[in-house]
């Protein structure tokens, strides 16, 4: 498949990205998640500086990603007993999403 150009807004700044068609919606969802977290930082914690808020969001999501990776790599958390049919679980879907969001945040923060 050929990558498509998409546009997302993060912290009131437009970003043009390229993504494969099957990834484009996930990238848009990730940008919406960041926007939602920005509103939460402003409304719940009074963080008005966008750079501070984005840094806190990156820290929060990176911490969640690390915790998830740790729990998924823990040998005592073997999913074979909990998932006898070996079907994909919610956590199987979450890893690529968190990794993609982490990549977007890292790229964004490097541009600031």
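The values are calculated or read from the model by the stated rules, or taken from the named source; none is laboratory data. Remember, it's a predicted structure, so these values are computed and weren't measured experimentally. A quick note on method: Cβ atoms are made from the backbone with ideal geometry, for glycine too, and the neighbour counts reach across all protein chains shown.
Here are a few things to note about the model shown:
- Among residues of the range 26-45, those that are farther than 16 Å from residue 102 by Cβ and surrounded by 19 or more Cβ atoms within 10 Å (Cβ to Cβ), counted: 2
- Pairs, first closer than 26 Å to residue 95 by Cβ in the range 38-63, second at pLDDT below 90 and surrounded by fewer than 15 Cβ atoms within 10 Å (Cβ to Cβ), C-beta under 8 Å, six or more apart: 54/109; 54/112; 55/109; 58/106; 58/109
- Residue match in the range 47-67 (condition: closer than 17 Å to residue 101 by Cα and in contact with a strand residue (DSSP E or B) (Cβ under 9 Å, 6 or more places away or on another chain)): yes
- Candidates 53, 4, filtered to the one that is closer than 16 Å to residue 105 by Cβ and over 13 Å from the mean Cα position of the chain (by Cα): 53
- Just one of (1) in a helix (DSSP H, G or I); (2) at pLDDT 95 or above fails for residue 14. It is (1).
- Taken as a whole, the range 63-73 holds at least one residue that is more than 18 Å from the chain's Cα centre (by Cα) and surrounded by fewer than 17 Cβ atoms within 10 Å (Cβ to Cβ).
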